[in-house]
1. Give me a count of the residues in segment 517-569 that are in a helix (DSSP H, G or I) and either on the phi < 0 side of the Ramachandran plot or touching a Ser or Thr at 6+ places or on another chain (Cβ under 6 Å) (or both).
2. For segment 647-734, which fully contained helices (runs of 4 or more DSSP H) count at least 2 residues that are of a type in the set (Val, Ile, Thr) and buried (at least 22 other Cβ atoms within 10 Å of the Cβ)?
3. Among Val83, Val49, Val19, Val12, which is the only one that is among the hydrophobic types (A, V, I, L, M, F, W, C) and touching a Pro at 6+ places or on another chain (Cβ under 7 Å)?
4. Does segment 323-331 contain at least one residue that is closer than 30 Å to Gln463 by Cβ and assigned to a strand (DSSP E or B)?
5. Can you tell me which residue among Val449, Val413 is modelled with pLDDT under 95, farther than 30 Å from Ala253 by Cα and more than 16 Å from ligand 2 (Cβ to nearest atom)?
6. Looking only at segment 110-133, count every residue that is touching a residue at least 24 places away in the same chain (Cβ under 8 Å) and away from ligand 2 (no atom under 16 Å from the Cβ) and tell me the total.
7. I'd like the full set of residues that are among the basic types (Lys, Arg) and surrounded by fewer than 24 Cβ atoms within 10 Å (Cβ to Cβ), limited to segment 482-520.
8. Can you tell which of Tyr469, Tyr464 is farther than 17 Å from Val413 by Cβ, buried (at least 21 other Cβ atoms within 10 Å of the Cβ) and touching a residue at least 60 places away in the same chain (Cβ under 8 Å)?
Amino acid sequence: MQALKLARNFHVSGIVQGVGFRPFVYREANERGLTGWVLNAGDGVEIRVEGDAAALDGFATALRRDAPAAARIDDIESSPAAVEAFPSFEIRPSRRASAPVARVCADLPVCEDCLRELFDPHDARYRYPYINCTNCGPRYSIIQGLPYDRERTTMRAWRMCDRCRSEYDDPLNRRFHAQPVACPACGPNYALEERSGVTRGYDAIVRTAELLRAGAVVGIKGIGGFHLACDARNPVAVHALRERKYRKERPFALMTRTAVEAQKLAEFDEAALAALTSSARPIVLAPARESLANVAPENDALGVMLAYTPLHHLLFNAGSPDVLVMTSANRSSEPIAYQDPEARSSLRGIAEALLIGERQIARRIDDSVVAGMHRTSVIRHARGYAPQAVATLPSTRPILALGADLKNAVALVVGGQAFMSQHIGDLEHLGAFEAFKQTISDLEALYEVPPQELRVVHDAHPQYASSAYACELPGEKLAVQHHRAHIASVLAEREAFDEHVLGFAFDGTGYGEDGSIWGGEVFCGSLSSGFERVAHLRQARLPGGDAAALFPAQAAAGFLAEIETPDLLKAPFDFPQRYRQAEELLRANVRVFPASSMGRLFDTAAALCGFTRAITFEAQAAMWLESLARGSPPVSPYPFPFAGGVLDYRPLLAEIVSDRTRGRDVREIARAFHAGVASAILSVVAAHSLERVVISGGVFQNQLLLGELAAALGERLWTNRIAPANDGGICLGQAALACFC
Ligand code: ZN
Ligand code: ZN
Ligand code: FE
């Protein structure tokens, strides 16, 4: 007797398009003798299956358990259906829903299967730098529109050959509907441009490896832009790159072929290793094991990523040095170059040669950066993460959140899904501001949101370029205070809308609701009820305002004016003349701004410990201080009393000055400072009877501080996980707060 036939519907949501999900469903259904269909809908994947109860159960289990590696299933809804007696199982054409909220997949690293073929002399795609399949390859960086089909990618310029086409059409093939599928016969290729001429195909890769071995700097086109590469163990090459790129001290990222190679360079704990090998393939910051001259000056950490494109693997295989510097191709803090003509002109004086691939990049996306020392946290949210939805928010209206001006990123909320853009940069640079506008129109087009329907959220800072831009947009506007947005970003990620928390927002600078510079703020409240400022760092008078951020000694003048000090121009402090000038500004009370900035307090401590020159990249002095502190075992904290809602830094600074005068080891001083900040936070926690503690803001990228707080607070402490704690996460917090205003 035949078993009774049943039918079921499944609706799978999450990242399930462009990741080989339909072929996977097709195989699972066929293996179990089920009939029906699967299709891509605007908001996920829909499945209808018919068969006996046991087969249906097995199918339901496999759906979740065996899904392709690149898929991320958020939810599977299942409901009974009427039996229609389908003769077979088929993959049906995509259906477009009214709102295309099916998430765009982030770019994926080359998979193991493709790697095997890449180095198999008998394979049709042997040594082909654009090899890919449904489990790997570019996505967001080639997509020009939705739904995700070849015609709406930068691959539309190439017609598939018969072999590629037959694989593309075969539901049992790994390349079924792999939109960027290509082979040497029909697809794009790479060429190396040198002054002496052009080399094409695999020879270009061999020649590039040769140049890198010889100490040259080569511009290499990647997934979301160009890299500048050189041999990381060749100090002359690294030095040349720094000189030509006008990048004096900021650390360079490194690339190795394998995790084993990476582990020779730096110490990755379990979580850091997981991040390193994750499909986002971010740059992971970890304590250095090997010292590489000029790569990360005065920094005890190295940033390492693994090869993620077939091209990277080919380069290493062709004899490139084992460790490459792979830094974004741009000058100082301009956005990364991603178009060929732009790269040719802007990299001319920097790179000896350019390795350029023919496939166009649809949008620029930098490498992502993850700090992997105490808790892994995203510092730069870009390739491999963007533009995935990071949270579901309670909003029926679309929201555009413009973020902050520094480390800008934007967020778009459609159908309740919050999509975070890739890192854009500092909007004071014209190129970054252009990229900001481009990214906004790009996301609006991708998700088909009419701009006039958007609620536009921006920072409350009246002088931010992003705030000014908000005024140019149609639709309703909402200003959100910077530090509240920091706290909100943590809660938004966890979708904890009613959680009542004590939130610490510590950063360099943000516009306070009283018009002063904020940056050491403590709040009570929740996303749904709002946040009340309950405590803050004692205000200092900051000479030169935000400009003080560039000169730790200038910021120090503001803070040290509050206590008695010896002449700091003398040893052991040796402050520069700039300190005197700042003192004069303070005395005359011109261009002096009240500030409760924790970032500037870190700068002050760094200046007292010896960092008296100008910084050459953001947060450099604080990173230097942290590095210094890690050189000391734990010591008892400096006093940093909390009373009347104010954290008073004066006793702390007075002790640093006296310890330094007495000749105490600066590593110990730096360590005691960190411990002091941690204990100040804990004393505020003790004064409030709230279980949940939230921390966000650039200061909390400090891994030492984070470690001390995590040790003391354990599970009570909530930090950012996906959105950066720095201003890159502001857009998400703005979007979340807009849902409740
Ligand atoms: Zn693959
Ligand atoms: Zn082909
Ligand atoms: Fe901030």
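The values are calculated or read from the model by the stated rules, or taken from the named source; none is laboratory data. Predicted model, so just to flag it, every value in this text is computed and none were measured. Every residue, glycine among them, receives a Cβ derived from its backbone with ideal geometry; neighbour counts consider all protein chains shown.
1. 14
2. Because the criterion is at least 2 residues that are of a type in the set (Val, Ile, Thr) and buried (at least 22 other Cβ atoms within 10 Å of the Cβ), the helices (runs of 4 or more DSSP H) in segment 647-734 that meet it are 666-687.
3. Selected residue: Val19, the only one of Val83, Val49, Val19, Val12 that is among the hydrophobic types (A, V, I, L, M, F, W, C) and touching a Pro at 6+ places or on another chain (Cβ under 7 Å).
4. Yes, the conditions are met somewhere in segment 323-331.
5. Within the list Val449, Val413, the selection yields Val449.
6. Going through segment 110-133 one residue at a time, the tally reaches 5.
7. The answer is Arg494, and nothing else.
8. Checking each option against the conditions leaves just Tyr464.
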